[in-house]
Amino acid sequence: MFDSLWVNVHAATMAEAGSPGIIKNAAIGIQDKKIAWIGPQKEMPQKPEPLSEHVHDGGGRWATPGLIDCHTHLIYEGDRVHEFEQRLQGLTYEEIAKAGGGIMSTVKSTRTASGQQLYDSALVRIQALLREGVTTIEIKSGYGLDVATEEKILRVATDIHDTSGLRIQRSFLGAHAVPPEYAGRPDDYINFVCQDMLPALHQKHLVDCVDGFCENIGFTRTHIEKVFKRAKELGLPVKLHAEQLSNQRGAALVAQYGGLSADHVEYLDEAGVKAMAKAGTVAVLLPGAFYFLREKQLPPVDLFRQYKVPMAIATDHNPGTSPTLSLLLMLNMACTLFRLTPEEALAGVTRHAARALGYQDICGTLERGKAADFALWDITHPRDLCYYFGRNPCMGVVRAGCLCDFESSPPLFFEQRQAVF
Ligand code: NIG
Ligand code: FE
């Protein structure tokens, strides 16, 4: 007996490398929030009705694993539309940051916002992602840069996890920028991050992972290495914003610390790719930031293929460099801008994105034993998700076996709710 059973769907399991793993006319049986059976419906042991009290007819829709947005900065106050205009006038992202704008302008507004304000605005963003089939989201802090505000952001991320029903990973990004009270003293700030901020937040169970920004306008390798050492002492996995605007050999550093992912990586060289391959570090590609900053340097996709470094795709949602809330648009951009194949792009928001979060045993594919997280689509083949842009064919989202009610906020999931297609 299954808690619920989906029939009359076509599944793209994403379980094998290099293929969408298509099962036409599939059935998916769910037990204890996990996939208990998946395969062609005609191979099911019995007729559907006796197998479950809750049989859902998928109406011939396609089911993919629930999408995973493995890199976002979703919790912040205010926008940076003024900087968008400045960049259109010819200023660069670095110039704006050096003049006190950029990350610092979002830090200012986030420090004065209440937790409730941050929760409310983040929830609207979460709903937009969910509406496109996203069931797992990574959220970074990094717009506080003091203990109180970093805590406020990470508590909001925790509340979103508890109230939205979505799976959230919380990354501490204290090493994002030097806050005004430490101006000109990055070493002191990094010591503060390592000795005070990170241990305090970790002790409050608010941190799942540790991230940093290794860049000319961010922190040096030496700074980042200190943070990584501290993270390892605390037993926390690491990841890094690396090689976004220049080659700082940050990806090799994060690989050296067994990191989950190196993100952006446009300026990465072959030595860095090799180091990532050896460590099993995922390359997280962020076409939204590349596009929005009108960057020219492409990530080394051929080298990732050659050395078998898994590529993930994410929105990098943030107010400065990637104010998008469409992971589907990122699929299209990963193909058009970075020349990924549709299969690679789809793996980038499912199987490989799960791995970028260390969740490869939990979600990211439709397989027995994995979470019953899936999205239902009005498409004729999974590659359609990469082909269309500005069209959302998502018809339903199932998270932990329960169908989402898109109308309610925070979202609600119902085991018994009958799918209506
Ligand atoms: O992923 N590069 C650093 N962090 C963000 C941007 C943050 C911001 O500009 O607010 C990124 O692009
Ligand atoms: Fe980012």
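The values are calculated or read from the model by the stated rules, or taken from the named source; none is laboratory data. Predicted model, so just to flag it, every value in this text is computed and none were measured. No Cβ is skipped: glycine too gets one built from the backbone with ideal geometry, and neighbour counts run over all protein chains shown.
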Being touching a helix residue (DSSP H, G or I) at 6+ places or on another chain (Cβ under 7 Å), within 18 Å of TYR359 (Cα to Cα) and within 14 Å of ligand 1 (Cβ to nearest atom) is the filter here; which residues of region 201-257 pass it?
LYS239, LEU240
Take the residues of region 1-19 that are of a type in the set (S, T, N, Q) and out of contact with any His (no Cβ under 7 Å at 6 or more places or on another chain): which is farthest from VAL349 (Cα to Cα)?
ASN8
THR336 fails exactly one of (1) over 21 Å from CYS394 (Cα atoms); (2) in contact (Cβ under 8 Å) with a residue 24 or more places away in the chain, namely (2)
Long-range neighbours under 7 Å by Cβ, at least six apart or interchain, first residue closer than 22 Å to GLY396 by Cβ within region 53-80, second within 14 Å of ligand 2 (Cβ to nearest atom) and not hydroxyl-bearing (Ser, Thr, Tyr)
ASP69/ILE137; ASP69/GLU138; ASP69/ALA314
Among the candidates VAL282, VAL301, which residue alone is in contact with a helix residue (DSSP H, G or I) (Cβ under 9 Å, 6 or more places away or on another chain) and more than 15 Å from ligand 2 (Cβ to nearest atom)?
VAL301
What is the residue count in region 124-138 for residues that are in contact with an Asp or Glu (Cβ under 9 Å, 6 or more places away or on another chain) and part of a helix (DSSP H, G or I)?
1
Checked ALA242, ALA262 against criteria (within 16 Å of ligand 2 (Cβ to nearest atom), among the aliphatic types (A, V, I, L, M), in the same structural domain as ILE103 (by TED's automatic domain parsing) and free of Cβ contacts under 8 Å to residues at least 24 places away in the same chain); the one match is ALA262
In region 31-48, is there at least one residue being away from ligand 2 (no atom under 16 Å from the Cβ), of a type outside the set (D, E, K, R) and part of a helix (DSSP H, G or I)?
yes
Which members of region 59-73 meet the condition of being away from ligand 1 (no atom under 12 Å from the Cβ) and buried (at least 24 other Cβ atoms within 10 Å of the Cβ)?
TRP62, ALA63, THR64, PRO65, GLY66, LEU67, ILE68, ASP69, CYS70
Condition test on GLY78, is it more than 29 Å from TYR359 (Cα to Cα), away from ligand 1 (no atom under 16 Å from the Cβ), assigned by TED's automatic domain parsing to the domain that holds TYR291 and assigned to a loop (DSSP other than H, G, I, E, B)?
no
Kindly evaluate ARG125 against the criterion of being in the same structural domain as LEU325 (by TED's automatic domain parsing), within 16 Å of ligand 1 (Cβ to nearest atom) and touching a residue at least 60 places away in the same chain (Cβ under 8 Å).
yes
